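Colleague: Sharing a structure below in structure tokens format, with a few things to ask.
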Amino acid sequence: MTDLAPLYARHLATLRECADQALARGGFDHLLVAAGQPGTKFLDDNHYPYAVNPPFKHWVPLTDAPGSWIAYTPGAKPKLVFLQPRDYWHVVPEAPTGYWVEHFDIVTVRSAEEAVAQLPKHRAAVIAEACPPIEGVEANNPKAVLDYLHYYRAYKSPYELALMREASRIGTRAHRAAERAFRAGESELGIHQAYLAAAGQTDAELPYSSIVGLNEHGAVLHYMALGRARPAESRSLLIDAGASASGYASDITRTYAAAGHHDFQALIDAMDAVQQAQVASVKAGTDYAALHVQAHHQLAQVLVEHGLVRMSAAGAVDSGVTRAFFPHGLGHSIGLQVHDVGGFARSDRGDTIPRPDGHPFLRMTRTLEPGMVVTIEPGLYFIDMLLEEVRQGPAGKDIDWAKVEALRPYGGIRIEDDVVCTDGAPENLTRDAFAALG
């Protein structure tokens with residue numbers, strides 16, 4: 001893997017410059033960033049799985065540091081207040097080591113109260129969850145500061161890109177294992193377990209809950225039921241699953257047809273061509289919202305060429321038919337979070353760019369610039385509820401419902417890559433990682 005030490009040093013220098021500007025914008029003297037605590041289940045003494053707060057892991061590659069804090073004052077060395085409790089009930093986080101620790105004053109404490117006592121309180125911007133309250137410090141999450149920080153989160157440093165490449169390598173390796181399990185006739189749960197084993201990560205360590213949909217289940221956009229029984233016939237698999245590397249995410253979707261299911265495989269191939277054309281358009285100056293609309297026109301052409309609609313491609317878009325087959329957005333920003341912040345920001349002052357009319361689920365409207373990383377994930381689904389609305393409308397007569405019915409048992413298609421916008425050709429993190437596997 002790439003030597004991260006020099007990359008991290010430059011990354012931290014950029015973070016500090018950004019924090020300086022954000023604090024000046026908001027009128028604060030200090031930035032305090034909480035690692036967060038695991039939440040407690042209602043009327044219970046058990047906790048939800050811990051997930052570190054994204055702004056914290058932007059500063060340090062620690063994903064298991066509940067109760068810890070970053071404290072930064074412009075002009076001073078950043079401080080890590082690291083909570084290492086005396087605890088025989090749980091595994092205590094190990095003391096920080098590695099390529100980044102020399103850049104911090106590290107203070108180890110034994111309790112949350114000691115941690116808070118180490119923080120400057122006067123005129124501090126406190127980035128933390130507001131509930132449950134943290135005794136001794138108020139989570140104010142000032143909008144001016146967050147707007148600034150979130151806007152610039154969209155530009156990934158070389159350090160961040162190195163970690164995202166690693167997350168892609170882990171994710172693609174696990175996707176290969178999932179495909180093998182599908183072709184061996186495994187259940188959804190069995191496929192998911194093969195994925196976890198190949199990734200070497202637990203469910204809680206993944207950046208999001210995996211979607212593993214066999215057959216008709218591929219039509220449920222966020223299907224997470226994980227059926228336990230092997231199906232009588234495995235016709236298709238839609239798997240949307242990522243991996244993590246030091247807190248950075250990959251987000252990868254692939255759709256497979258079982259051997260001999262030629263019509264559905266042909267549709268997958270057509271959608272793969274659409275997806276790759278969209279990836280090639282990830283260039284500086286491209287309006288991402290316009291790219292999403294363009295995907296609808298490309299999907300419409302697929303629907304025409306495969307005989308699913310008996311209207312022009314333009315008519316399929318204008319009538320809303322493509323939105324029934326492709327109801328979600330083209331993709332989103334990705335990094336510290338799967339759906340990373342700042343996707344709608346027009347500037348660093350909080351004003352936003354609206355979604356195009358008729359496309360309420362698009363998660364990104366910014367103009368692409370070098371350093372941004374986005375997903376490209378067009379889809380084609382056979383969702384009964386949405387198709388029934390088309391059937392009842394004026395466009396219903398222009399759909400070949402027999403072909404729709406023949407393809408319904410396959411659920412749907414989604415193909416998703418993580419793509420870096422550069423000064424030249426885009427870098428496809430996902431396809432590069434698959435290619436490296438051979």
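The values are calculated or read from the model by the stated rules, or taken from the named source; none is laboratory data. The shown structure was predicted, so the numbers you read here are calculated from the model rather than taken from an experiment. Neighbour counts run over all protein chains shown; Cβ positions are idealised from the backbone, glycine included. To get the accessible areas, we keep the full protein, side chains included, count just its heavy atoms, and leave off ligands, DNA and RNA. Shrake-Rupley method; radii C 1.70, N 1.55, O 1.52, S 1.80 Å.
Colleague: Being more than 20 Å from L161 (Cα to Cα) and among the acidic types (D, E) narrows it down to one residue among D3, D29; which is it?
Modeller: Working: D3 fails: more than 20 Å from L161 (Cα to Cα).
The match here is D29.
Colleague: Got at least one residue in region 372-388 being open to solvent by less than 50 Å² (accessible area, probe 1.4 Å), over 16 Å from the mean Cα position of the chain (by Cα) and over 30 Å from I399 (Cβ atoms)?
Modeller: Among the residues of region 372-388, not one is open to solvent by less than 50 Å² (accessible area, probe 1.4 Å), over 16 Å from the mean Cα position of the chain (by Cα) and over 30 Å from I399 (Cβ atoms), which makes the answer no.
Colleague: Limited to region 152-184, what total is found for residues that are open to solvent by less than 30 Å² (accessible area, probe 1.4 Å) and in a helix (DSSP H, G or I)?
Modeller: Here the count works out to 18.
Colleague: Could you tell me which numbered condition G358 fails, if it satisfies all but one of (1) of a type in the set (G, A, S); (2) crowded, with 22+ Cβ neighbours inside 10 Å; (3) within 30 Å of L267 (Cα to Cα)?
Modeller: Of the numbered conditions (1) of a type in the set (G, A, S); (2) crowded, with 22+ Cβ neighbours inside 10 Å; (3) within 30 Å of L267 (Cα to Cα), the odd one out for G358 is (2).
Colleague: Kindly indicate the residue of region 230-256 that is surrounded by fewer than 24 Cβ atoms within 10 Å (Cβ to Cβ) and in a loop (DSSP other than H, G, I, E, B) and also farthest from the chain's Cα centre (by Cα) among those meeting that condition.
Modeller: Once the filter is applied, the top-ranked residue is A232.
Colleague: Could you tell me whether G227 is modelled with pLDDT of 95 or more and either closer than 30 Å to P61 by Cα or under 21 Å from the mean Cα position of the chain (by Cα) (or both)? Explain how you work it out, then say what you get.
Modeller: Numbers: modelled with pLDDT of 95 or more: yes; either closer than 30 Å to P61 by Cα or under 21 Å from the mean Cα position of the chain (by Cα) (or both): no.
Against the criterion (modelled with pLDDT of 95 or more and either closer than 30 Å to P61 by Cα or under 21 Å from the mean Cα position of the chain (by Cα) (or both)), G227 does not qualify.
Colleague: Among the residues of region 84-98, write down those that are surrounded by fewer than 15 Cβ atoms within 10 Å (Cβ to Cβ) and not hydrophobic (A, V, I, L, M, F, W, C).
Modeller: Of everything in region 84-98, those that are surrounded by fewer than 15 Cβ atoms within 10 Å (Cβ to Cβ) and not hydrophobic (A, V, I, L, M, F, W, C) turn out to be R86, D87, Y88, H90, E94, T97, G98.
Colleague: Separate question: Determine whether region 139-154 contains at least one residue that is modelled with pLDDT under 95 and among the acidic types (D, E). Explain how you work it out, then say what you get.
Modeller: Here is the first cut: in region 139-154, the ones modelled with pLDDT under 95 are 139.
Narrowing the set further to residues that are among the acidic types (D, E) leaves none.
The answer is no, given that none of the residues of region 139-154 is modelled with pLDDT under 95 and among the acidic types (D, E).
Colleague: How many of the residues in region 108-146 are open to solvent by 50 Å² or more (accessible area, probe 1.4 Å), within 26 Å of G342 (Cβ to Cβ) and either among the small types (G, A, S) or part of a strand (DSSP E or B) (or both)?
Modeller: Count: 1.
Colleague: Something else: Has region 189-207 got any residue that is surrounded by fewer than 19 Cβ atoms within 10 Å (Cβ to Cβ), over 16 Å from the mean Cα position of the chain (by Cα) and over 27 Å from P61 (Cβ atoms)?
Modeller: yes
Colleague: From (1) closer than 14 Å to T255 by Cα; (2) outside any helix (DSSP H, G or I); (3) of a type in the set (V, I, T), pick out the condition that doesn't hold for I191.
Modeller: Condition not satisfied by I191: (2).
Colleague: If a residue has to be over 27 Å from A395 (Cα atoms) and surrounded by fewer than 20 Cβ atoms within 10 Å (Cβ to Cβ) to count, how many in region 280-302 make the cut?
Modeller: 7
Colleague: While we're here: Which numbered condition in (1) over 30 Å from R10 (Cβ atoms); (2) of a type outside the set (V, I, T); (3) surrounded by fewer than 15 Cβ atoms within 10 Å (Cβ to Cβ); (4) in contact with a helix residue (DSSP H, G or I) (Cβ under 9 Å, 6 or more places away or on another chain) is the only one that G75 fails?
Modeller: Only one criterion is unmet by G75, namely (1).
Colleague: Being buried (at least 21 other Cβ atoms within 10 Å of the Cβ), among the polar types (S, T, N, Q) and at pLDDT 95 or above is the requirement here; does T365 meet it?
Modeller: yes
Colleague: Return the residue satisfying two criteria in turn: it lies in region 257-279 and is among the aliphatic types (A, V, I, L, M), in a helix (DSSP H, G or I) and over 16 Å from D400 (Cα atoms), and of such residues it is most open to solvent (accessible area, probe 1.4 Å). Can you show your working first?
Modeller: Applying the first criterion (among the aliphatic types (A, V, I, L, M)) to region 257-279 yields 257-259, 266-268, 270-271, 273-274, 277, 279.
This time we only want the ones that are in a helix (DSSP H, G or I), so: 266-268, 270-271, 273-274, 277, 279.
In the following step, the residues that additionally are over 16 Å from D400 (Cα atoms) were identified as 266, 268, 270-271, 273-274, 277, 279.
Details: A266: 42, I268: 11, A270: 21, M271: 3, A273: 62, V274: 14, A277: 40, V279: 14 Å².
It comes out as A273.
Colleague: Kindly indicate the residue of region 40-51 that is in contact (Cβ under 8 Å) with a residue 60 or more places away in the chain and farther than 19 Å from S111 by Cβ and also surrounded by the fewest Cβ atoms within 10 Å (Cβ to Cβ) among those meeting that condition.
Modeller: P49
Colleague: Sticking with this one: Check V126, V107, V101, V137 and return the single one that is more than 13 Å from K79 (Cβ to Cβ) and over 27 Å from the mean Cα position of the chain (by Cα).
Modeller: V137
Colleague: How many residues does region 106-129 hold that are farther than 23 Å from A24 by Cα and touching a strand residue (DSSP E or B) at 6+ places or on another chain (Cβ under 9 Å)?
Modeller: Selection size over region 106-129: 11.
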